[in-house]
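Undergrad: This is the structure I want to talk about, given as structure tokens.
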Amino acid sequence: MTVMESKTQPDFMFDANAETMSRPDLNALQLDRLRWSLGQAYDNVPHYKRAFDAAGVSPKHLNNLDDLRHFPFTVKDDLRANYPFKIFAKPVDQLARIHASSGTTGKPTVVGYSKGDLDRWADLMARSLAAAGARPGDIVHNAYGYGLFTGGLGAHAGAERLGCVVVPISGGGTERQVTLLRDFGPAILCATPSYALNIAEVATSLGVDIAALPLRRGLFGAEPWSEEMRAALDKRLGLKSVDIYGLSEIMGPGVACECDNARAGLHGWEDHFLFEVIDPETLEPLPMGEAGELVITTLTKEAMPMIRYRTRDITRLTDEPCICGRSHVRIQRVTGRDDDMIILRGVNVFPSQIEAVLVGLEGLAPHYQIELSRDGVLDAMAVEVEVLPDIAPTAESLAAIAKNVGHNIKSIIGVTCEIRVKLAGEIPRSEGKAVRVRDLRK
Ligand code: DLL
């Protein structure tokens, strides 16, 4: 841990030497670690041996970082095909933990960690919390779900590593969340943005002025959310909302996190991960700044090295210097996954774009759901929105709201859709990752 001296930089970084490393030093470290990681994969995981051999490459073909583009991608189906443990580079009895995705369809995705992996994860999550503005001694109210999901235990270990006081409340039991927020006075709230909003709403219904509590920062992630939602959360919760990103296949939360100085893109921790953005059609790497699919290679994972993992997340990278002094690339807010993208009469739409239009529209609560159906050969979209409790739900007021929402979506996103106006409380509330889309097309 380092206390920074310069006034232009944050007063505190968890690991200033790593976080402000010069580009040449960072790249040299990456090359070293990448060689190790490719070897760890090739020598210990039959899947990688087969995939590298088929592509005619082996770790000795890596002479510089650009050579990574000759190595094959890894996709979620590779994990499924090697279910449950065949993707691990260590025997199971040498692991320390296993997490898994919920796997609503088919087999869950299983991920394994060595003791060293858990240690580095705690460091990176501590680094992320500190970048977001958490400090040793802060009480951290951790409302990410504990269990097979990486959110709860990941944030927990990082907060402890930073020297914070953790309240491991997990998700759910929202009234109790409000009681403990009021009584314990935490500085930091960790939750999905949709659950944070649910907590704020329940607080209001219980007469608790949550914006007046000591909460200073919210670490919100695990699902796409918009700048408009950030403004709503800042205001309702009386804190600064910070975006945190991660995925189980790569580690869990803390792969990248915004700094609270800029809140403009998430610093991707490049001493442990190598980030590429590719064109999802041609699979070619794109130049810095162009939008495409994020591909991540782990540099230090022992139990489960991931080589060129296609995240399906759509974003862009920037290497412009950040005011906080951290040198690591920034990943722009993830708008959504390419498999969540809705194509409506040729227009590409992400649910988070719909959210950006809805949040803040007069008379509306910031809750919504999208229903996709088939209209003949074409796809059709209905957007369900919810009125604020203080709106008298007359036929005229609801029709006026529907008209206004439809008009805004048409003029901002360029698609026509049906608007269904629901009464207060009718849209299901989230306790973790919100379900934004109901797809009736299949
Ligand atoms: O959601 C890990 C996590 C926990 C991240 C807590 C942040 C906070 P998975 O369940 O494997 O892991 O889901 C990973 O969620 O590929 C993205 O599509 C999405 N996602 C995660 N963070 C963000 C974010 C955790 N900040 C998948 N913005 C990823 C947009 C996000 N999408």
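The values are calculated or read from the model by the stated rules, or taken from the named source; none is laboratory data. Every value quoted in this text rests on a predicted model; they were computed, and no experiment measured them. Here the Cβ positions follow ideal geometry from the backbone for every residue, glycine too, while neighbour counts run over all protein chains shown. Accessible surface is based on the protein model in full, side chains and every heavy atom, while ligands, DNA and RNA are left aside. Shrake-Rupley method; radii C 1.70, N 1.55, O 1.52, S 1.80 Å.
Undergrad: Give the number of residues within segment 145-161 that are open to solvent by less than 20 Å² (accessible area, probe 1.4 Å) and touching a His at 6+ places or on another chain (Cβ under 8 Å).
TA: 1
Undergrad: Here is a follow-up. Could you grab the pairs with beta carbons closer than 6 Å, sequence gap of 6+ or different chains, first residue in segment 234-253 and within 19 Å of ILE307 (Cα to Cα) and open to solvent by less than 10 Å² (accessible area, probe 1.4 Å), second one of a type in the set (Gly, Ala, Ser) and assigned to a helix (DSSP H, G or I)?
TA: Partner pairs satisfying both residue conditions: GLY252/GLY154.
Undergrad: Checking the conditions here, which among ARG97, ARG120, ARG50, ARG69 is open to solvent by 50 Å² or more (accessible area, probe 1.4 Å) and assigned by TED's automatic domain parsing to the domain that holds VAL277? Let's see the steps before the verdict.
TA: Working: ARG97 fails: assigned by TED's automatic domain parsing to the domain that holds VAL277; ARG50 fails: assigned by TED's automatic domain parsing to the domain that holds VAL277; ARG69 fails: assigned by TED's automatic domain parsing to the domain that holds VAL277.
One residue alone meets the criteria, ARG120.
Undergrad: Of the residues that make up segment 297-306, is at least one closer than 23 Å to THR192 by Cβ and within 13 Å of the ligand (Cβ to nearest atom)? Step through it out loud before you land on a result.
TA: Step one: list which residues in segment 297-306 are closer than 23 Å to THR192 by Cβ, which gives none.
No.
Undergrad: For LEU197, state whether it is open to solvent by less than 10 Å² (accessible area, probe 1.4 Å), away from the ligand (no atom under 16 Å from the Cβ) and assigned by TED's automatic domain parsing to the domain that holds LEU239.
TA: Numbers: open to solvent by less than 10 Å² (accessible area, probe 1.4 Å): yes; away from the ligand (no atom under 16 Å from the Cβ): no; assigned by TED's automatic domain parsing to the domain that holds LEU239: yes.
So LEU197 does not fit the description; no.
Undergrad: Of all the strands (runs of 3 or more DSSP E) wholly in segment 69-161, which have at least 1 residues that are at pLDDT 95 or above and touching a helix residue (DSSP H, G or I) at 6+ places or on another chain (Cβ under 6 Å)? Write out each step before concluding.
TA: Details: elements: 97-100, 110-113, 139-142.
The qualifying strands (runs of 3 or more DSSP E) are 97-100, 139-142.
Undergrad: When you scan segment 216-253, how many residues do you find that are near the ligand (Cβ under 7 Å from one of its atoms) and more than 12 Å from the chain's Cα centre (by Cα)?
TA: Result for segment 216-253: 1.
Undergrad: Counting only residues that are of a type in the set (A, V, I, L, M, F, W, C) and open to solvent by 50 Å² or more (accessible area, probe 1.4 Å), which one in segment 392-415 is modelled with the lowest pLDDT? Spell out how you get there, then give the answer.
TA: Our first condition is that a residue be of a type in the set (A, V, I, L, M, F, W, C); within segment 392-415, this holds for 392, 395, 398-402, 405, 409, 412-413, 415.
Still in the list and also open to solvent by 50 Å² or more (accessible area, probe 1.4 Å): 392, 395, 399-400, 412.
Details: ALA392: 88, ALA395: 94, ALA399: 95, ALA400: 95, ILE412: 95.
Per the stated criteria, the residue is ALA392.
Undergrad: Out of (1) closer than 27 Å to ASP234 by Cα; (2) more than 13 Å from the ligand (Cβ to nearest atom); (3) among the small types (Gly, Ala, Ser); (4) open to solvent by less than 60 Å² (accessible area, probe 1.4 Å), what's the single condition that is false for ALA380?
TA: (1)
Undergrad: Starting from segment 423-435, take each residue that is under 21 Å from CYS190 (Cβ atoms) and list its partners that are open to solvent by 50 Å² or more (accessible area, probe 1.4 Å) and modelled with pLDDT of 95 or more, counting only C-beta distances under 8 angstrom and pairs at least six apart or across chains.
TA: That search, which allows pairs on different chains as well, returns GLY432/PHE149; VAL435/PRO428.
Undergrad: Additional query: For segment 162-192, how many residues are on the phi < 0 side of the Ramachandran plot, more than 16 Å from the ligand (Cβ to nearest atom) and open to solvent by 40 Å² or more (accessible area, probe 1.4 Å)?
TA: Count: 7.
Undergrad: Could you identify the single residue in GLU431, GLU386, GLU418, GLU426 that is at pLDDT 95 or above and open to solvent by less than 70 Å² (accessible area, probe 1.4 Å)? Show your work before the answer.
TA: Numbers: GLU431 fails: open to solvent by less than 70 Å² (accessible area, probe 1.4 Å); GLU418 fails: open to solvent by less than 70 Å² (accessible area, probe 1.4 Å); GLU426 fails: open to solvent by less than 70 Å² (accessible area, probe 1.4 Å).
Of the residues listed, the single one that is at pLDDT 95 or above and open to solvent by less than 70 Å² (accessible area, probe 1.4 Å) is GLU386.
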